Amino acid sequence: MKILGQALQWLSDPQVWGGVEGLWARIGEHLGVSALTVLLAAVIAWPLGVWIGHTGRGAGIVGALTGAARALPTLGLLTLFGLLLGIGLGAPVVALVILAIPSLLAGAHAGVSAVDRTVIDAARSIGMSTHQLVWEVEIPLAAPVIVGGVRTAMLQVISTTTLAAYTADVGLGRYLFSGLKTKNYAMMMGASLVVVVLTILADLGFSVVQRWLTRRTHQLSRCPAGEY
Amino acid sequence: MTWVLNNLDQIRTLLAAHLLLCLPPIVVSLLAALPIGVLTARRPGIGRFVRTASSTLYAVPALPLLIAIPLLFGFPLRSTATVITALSIYGVALMVGSTADAFSSVDPMIRQAAVAVGYSRTALFWAVDLPLAGPVLLAGLRVVAVSTVSLVTIGALIGVSGLGTLLTDGFQRGILAEVLTGIAATVVVAVVIDGLLLAIGRLLMPWTLKDVAR
């Protein structure tokens, strides 16, 4: 347990936190890269997921993709793209986008396909176009589940960005890998604590958003029956 | 392909090491999650706490966990014990949720009926709860197994050999074929273990077969 004290001592040093390569900068970089990759993955996964959920076509693909992604070793993707694209930021971003797609796709698909059939029929019968149905009924009702997908993807990506430091000079993983080389255990432990706190905070943040959205959609769907 | 043929011996050694690292956590996950999961399903108060705790534990990134475990428990950093402990923690965290779901999915009417015809508590568990929870348990265990097999590769980063060694070594030496072999071998191991679990499930729970046939 002595190591915890040393780690806290490392963390209490203001010099560790400041500067271009300090902890704050690394945390910013880490979260920035994570957010960017989830955004890129969403651009690909959401339209596809909503389309599959709306039409019900190709639902098998979603299950197959999430299963395949689980078996695919993250480190394998990182090193593969590291070799193909060089040691810049490109390789980890591509690898992380691939990892994030299945959760986002599953969220969008599950959310949209779970929308009550009677709600869809009602929307159709009051004359909504397909465009309106998707944007004004299906997506708002699916929002909590879609955000659930973002939560899973974001957590996965924040975790995995730690590994990205193996092939690129990016994020909090830097401390872990340079600590491994120089046997600086206090730094490794301190940085590990920061990563753990970061993921738990992110998870909490998303769970709050998700709960708020769920309450809101419940109100939305109750509204007509209550008022008319 | 030539790379694979030239390095068959190394691949075989790493494959064996990989299996030794990933099988214990899978077994531990099942055995440790069973009592916790049953408790979680039966006591909603404890259940909520256990579910939050296990999902938080699962959110902890793998590399920091691999580094924190030896430092906290005093294992040497590059030891198989580190990898096995870390993956068991993940496996249990993941499995507790599915175990709780599995036992909550057992129809209370069936349990009451069993009690009414005189099943003891032990018999209720072994002859009613466990078989009925079986299919959901199996589904959870398959997820644990596949993700454990692929997570073991990360052990290579702290110097514990397994198929992940092909990834780190291939990257450092710039051998694309070696990295591709590492990825392919890991996926194949995951698929084979998944298939084995499915087969064992069919053997132990033949009634699930009938559902498929219908």
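The values are calculated or read from the model by the stated rules, or taken from the named source; none is laboratory data. This is a predicted model, so every value here is computed, not measured. For neighbour counting, all protein chains shown are included, and Cβ atoms are generated from backbone atoms with ideal geometry for every residue, glycine included. Areas reflect the complete protein model, heavy atoms only, side chains present, ligands, DNA and RNA absent. Shrake-Rupley method; radii C 1.70, N 1.55, O 1.52, S 1.80 Å.
Show me the helices (runs of 4 or more DSSP H) entirely contained within the range A:115-228 in which 3 or more residues are open to solvent by less than 20 Å² (accessible area, probe 1.4 Å).
Numbers: elements: A:117-125, A:139-164, A:173-182, A:185-227.
Output list reads A:139-164, A:173-182, A:185-227.
Does B:Arg202 count as more than 7 Å from chain A (Cβ to nearest Cβ) and in contact with an Asp or Glu (Cβ under 6 Å, 6 or more places away or on another chain)? So that I can check it myself, show each step before the final result.
Numbers: more than 7 Å from chain A (Cβ to nearest Cβ): yes; in contact with an Asp or Glu (Cβ under 6 Å, 6 or more places away or on another chain): no.
Criteria not met by B:Arg202.
Residue-wise test of (1) more than 14 Å from chain B (Cβ to nearest Cβ); (2) surrounded by fewer than 22 Cβ atoms within 10 Å (Cβ to Cβ); (3) closer than 30 Å to B:Thr153 by Cα; (4) modelled with pLDDT under 90.
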{"position": "A:Thr37", "(1), (2), (3), (4)": "yes, no, yes, no"}
{"position": "A:Thr55", "(1), (2), (3), (4)": "yes, yes, no, yes"}
{"position": "A:Gly88", "(1), (2), (3), (4)": "yes, yes, yes, yes"}
{"position": "A:Ser113", "(1), (2), (3), (4)": "yes, yes, no, yes"}
So, in the range B:77-96, how many residues would count as being away from every other protein chain (no Cβ under 12 Å) and not in a helix (DSSP H, G or I)? 1
Can B:Leu141 be described as under 8 Å from the mean Cα position of the chain (by Cα) and surrounded by 17 or more Cβ atoms within 10 Å (Cβ to Cβ)? yes
All but one of (1) out of contact with any Ser or Thr (no Cβ under 7 Å at 6 or more places or on another chain); (2) open to solvent by less than 40 Å² (accessible area, probe 1.4 Å); (3) within 18 Å of B:Met1 (Cα to Cα) hold for B:Val188, so report the exception by its number. (2)
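Rundown of residues vs (1) among the aliphatic types (A, V, I, L, M); (2) part of a helix (DSSP H, G or I); (3) within 30 Å of A:Asn184 (Cβ to Cβ); (4) more than 8 Å from chain A (Cβ to nearest Cβ), yes/no style:
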| residue | (1), (2), (3), (4) |
| --- | --- |
| B:Ala102 | yes, yes, no, yes |
| B:Arg111 | no, yes, no, yes |
| B:Leu124 | yes, yes, no, yes |
| B:Leu132 | yes, yes, no, yes |
| B:Leu137 | yes, yes, no, yes |
| B:Leu141 | yes, yes, no, yes |
| B:Ala156 | yes, yes, yes, no |
| B:Val160 | yes, no, yes, yes |
| B:Gly170 | no, yes, yes, no |
Expected output for the range B:53-67 (first residue at the interface with chain A (Cβ under 7 Å from one of its Cβ atoms) and surrounded by 23 or more Cβ atoms within 10 Å (Cβ to Cβ), partner modelled with pLDDT under 80 and assigned to a helix (DSSP H, G or I), Cβ below 9 Å, 6+ apart or cross-chain) is none
